[in-house]
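The values are calculated or read from the model by the stated rules, or taken from the named source; none is laboratory data. What you see is a predicted model, and the numbers here were worked out from it, not measured in a lab. Neighbour counts are summed over all protein chains in view; Cβ atoms, including those assigned to glycine, are modelled from backbone coordinates with ideal geometry. Heads up: the accessible areas ignore ligands, DNA and RNA and are worked out on the full protein's heavy atoms, side chains in. Shrake-Rupley method; radii C 1.70, N 1.55, O 1.52, S 1.80 Å.
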Amino acid sequence: MKQFPRVIVGVLIYNKDEKVFLGRSPKWHNAWTVPGGHLEWGETLQHAVAREVKEETNLDIESIKFLQVQESI
């Protein structure tokens, strides 16, 4: 088995009232989660964010801003 780092994006989507969008995820036993997923080879973080949000919510997002990096080993 090859071992390599995997980059994952999680997206905080705020509306005009500064409320955060959450959705239920069957993958996580129907828990409330933010949209997100794995970065694809050759993809930028911004493209991954827009793609994952579109795939999971059918929303087109604008004004993507970087918030933080979190390491999980």
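Taking all protein chains into account, the per residue accessible area for the chain stands at 94 Å² (1.4 Å probe).
Computed with every protein chain present, the accessible area of THR44 is close to 80 Å² [probe 1.4 Å]. Potential lengthening of the chain between TRP41 and ASP60 amounts to 4.7 nm, from the contour at 0.36 nm per residue minus the alpha-carbon distance. Among residues other than VAL53 with Cβ under 13 Å from its Cβ, the summed charge is -3 (Lys and Arg +1, Asp and Glu -1). The long axis of helix 45-57 is offset from the longest Cα principal axis of the chain by roughly 60 degrees. For VAL7, what charge total do you get from the other residues with a beta carbon under 14 Å from its beta carbon, if Lys and Arg give +1 and Asp and Glu give -1? Result for the neighbourhood of VAL7: -2. Given the alternatives [x] 1.18; [y] 0.98; [z] 1.23, Cα Rg over 2.2 N^0.38 Å as computed for this entry is given by [x]. Annotation: lysines with alpha-carbon distance below 22 angstrom to LYS16 (same-chain offsets under eight excluded): LYS54, LYS65. For GLU43, the amide hydrogen comes within under 5 Å of no other amide hydrogen, counting only partners 5 or more places away or on other chains and with H modelled in the peptide plane. Please say if segment 14-54 is rounded, prolate or oblate, where rounded means a/c under 1.5 for a ≥ b ≥ c the square roots of the C-alpha gyration tensor eigenvalues, and otherwise the choice is prolate for a/b larger than b/c and oblate otherwise? It comes out oblate by the Cα gyration axes.
The phi-based Karplus calculation (6.51 cos²θ - 1.76 cosθ + 1.60; θ = phi - 60°) puts the 3J(HN,Hα) values of segment 2-16 at 6, 10, 7, x, 10, 9, 10, 10, x, 10, 8, 10, 9, 8, 5 Hz, whole numbers, x for Gly and Pro.
For segment 1-46, the set of trypsin sites (Lys or Arg not before Pro) satisfying both a DSSP loop assignment and a count of at most 11 other C-beta atoms within 10 Å is given as LYS2, ARG6, LYS16, LYS19.
Ligands, DNA and RNA left out, the accessible area of the chain computed with a 1.4 Å probe is 55% carbon and sulfur.
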